[in-house]
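Have a look at the structure below before the remarks.
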Amino acid sequence: MTRRDGVLVGNGHVTLHEPTASKPNYRLDYVDETGRRRQPSVGRSPAAALERAKRIDAALSRRRGGDDERSLGDLLGEYLSTPVNRQRSPHGRLTGRTWQPNQFSSVTRDLRRAVKGLEDMAAWQVDRSVIDAMRTACGTPGQVTQMTGRVRGFLRWCEEQGALSAEQVGLLPATLAPVKRPRFSQPEPRSARPHQAPLQGRSELYVDEEDCPPRSEVLSLAAELGRAAPSWGELAVHTAVAAGPRQGEQFQLRANDIRPYGADDYDIHIDHQWSDTPGRRAAPKHRKRRVVPISPVTRDGYPLLQALLDRAEQARVEQAEGRNPEALLFPAPGGGMWWPSGLSSDLLVPAMKAAGWTFTMVHETRTLRNGTSKVVAVTQMDRTWHSLRHRFARDMIDYFEIKEGALMAIGGWATLEVIQARYYRTGAEHVEMARHALGREHPES
């Protein structure tokens, strides 16, 4: 705000104006509980003026904040009591959709972290400083952005319940929220992963050949993972490259998800992804199931279909013996489904490093189960397992010449617009148009 506009105090019910040449005292501007506008003069002491403004703002907040007895902890418990119809846009608008199990778990963790230490605070006491403390209860700038959206959704819900005033919620703008540093910054920030600068005319999200692991890295990873998990490691890499499942979709696949189509063909049916909720499964991303045809032999010459059929039969034998209760194609050592952190740290990252994939090391602070903090060395791979999905998409387009609609159907992307911007719109047609225009002969004037 400008000096002429004054400064909002506390929850925004009171505006404090500085002295001017014609009005030498500090002044307040607010609407009282009867609806009348008040503009009292409060002296020349800035400390006294601010203290009086805070007292008036707190009194108005109590009256306008709904149920005085409800605390942030009470409201958060009610907000997280169900995922049904809770999903909101980043700007706080209610979408009418339900949180998926993985998203519900993530939102729950984030908001509990945001409100930690503020559980007993009455809702009417929430001001800008409290909101900023909530949305910065994380470790990286990217997490601040994510946390800001989730705190905004929670505050909007509180307003709808009558627990917060519109002025309080307005302290966190729906767009262009003030940039804030995370309160729990890591000792060393993670560097951005290498990414080719896109050519003019391409989307920033465009994935080029240089953004995918080369064939040599794919094959070396398949060999290393095959040594680490002899029954299925090599197969896992070739499945990721030839069928494109997301990590959470691939590592929950069961033997019965490989199903015949016609006399000799087979498909992978992707009906779920892993989850940390009871049952360990949820709907795939975008809540869309899909069917992926299995290529008998991959571009790299790997016999994918026969390898999947053999592994499915082996998984059924393991199930009969009690070693793999769900007949998982890619089980953890104990026979159950992997947890993401264990899969990454115990299997995938060591195999990638052994295969020669590039990485950097950073030190980060982690909170242990006993509540203490410890600085640990963390490996950040320059390319992750998800990059195999990019390899899949580029191979489908550049080698098999598959069209957008077909790739969206078997790859599970949300819309044609997303897949076109990410993989198809190279911008080459614009360069060719310019080349043609500049190369043609112009009539003399």
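The numbers here are math on the coordinates, done by the rules we state, and not lab data. Everything quoted here is computed from the prediction, not taken from an experiment. No Cβ is skipped: glycine too gets one built from the backbone with ideal geometry, and neighbour counts run over all protein chains shown.
Some points to look at:
- Annotation: the residues L8, L80, L60, sorted from fewest to most other C-beta atoms within 10 Å of their own C-beta, follow the order L80, L8, L60.
- Sorting K116, K54 from the fewest to the most surrounding beta carbons within 10 angstrom yields K116, K54.
- Positive-pole candidate from P19, G226, G322, dipole of the chain, charges at beta carbon: P19
- Listed pairs K116/K180; K54/K180; K116/K374 exceeding 22 Å between Cα atoms: K54/K180
- Stretch gain in nm, segment L368-K116, where the contour uses 0.36 nm per residue and the Cα spacing is subtracted: 89.0 nm
- Percent of Cα pairs exceeding the 16 Å cut-off, where the set is the range 7-64: 37 percent
- Most fluctuating residue given options R311, R425, R391, as computed from a GNM of the chain linking Cα atoms under 10 Å: R425
- If a spin label sat at a point 7 angstrom from the Cα of A421 along the line to its beta carbon, the backbone N atoms of the range 90-112 nearer than 16 Å would be those of 90.
- Protection proxy ranking of 285-293, 299-307 - average other beta-carbon atoms within 10 Å, highest first: 299-307, 285-293
- Listed candidates (i) 1.27; (ii) 1.35; (iii) 1.16 - label of the one calculated as Cα Rg over 2.2 N^0.38 Å: (i)
- Size of the range 72-169 as Cα extents on the principal axes (Å, biggest first): 32, 32, 22
- Net charge dipole, the chain: roughly 1940 debye, given to the nearest 20, about the Cα centre with Cβ charges of +1 for Lys and Arg and -1 for Asp and Glu.
- Descending by average beta-carbon neighbour count within 10 Å, the peptides 161-173, 100-112 line up as 161-173, 100-112, the highest first.
- Dipole-positive endmost among V151, V169, Q100 within the range 72-169 (Cβ charges, Cα centre): Q100
- Its Cα centre serving as origin, the range 7-64 has a Cβ charge dipole (Lys and Arg +1, Asp and Glu -1) of approximately 140 debye.
- Each of T175, T239, T148, T358 was scored by other Cβ atoms within 10 Å of its Cβ. Arranged with the fewest first, they read T175, T358, T148, T239.
- Under a model in which nothing but the beta-carbon of Lys, Arg (+1) and Asp, Glu (-1) is charged, the range 178-233 shows a dipole of about 460 debye around its Cα centre.
- Charge dipole of the chain about the Cα centre (unit charges at C-beta), most positive-ward option of P46, S185, A133: P46
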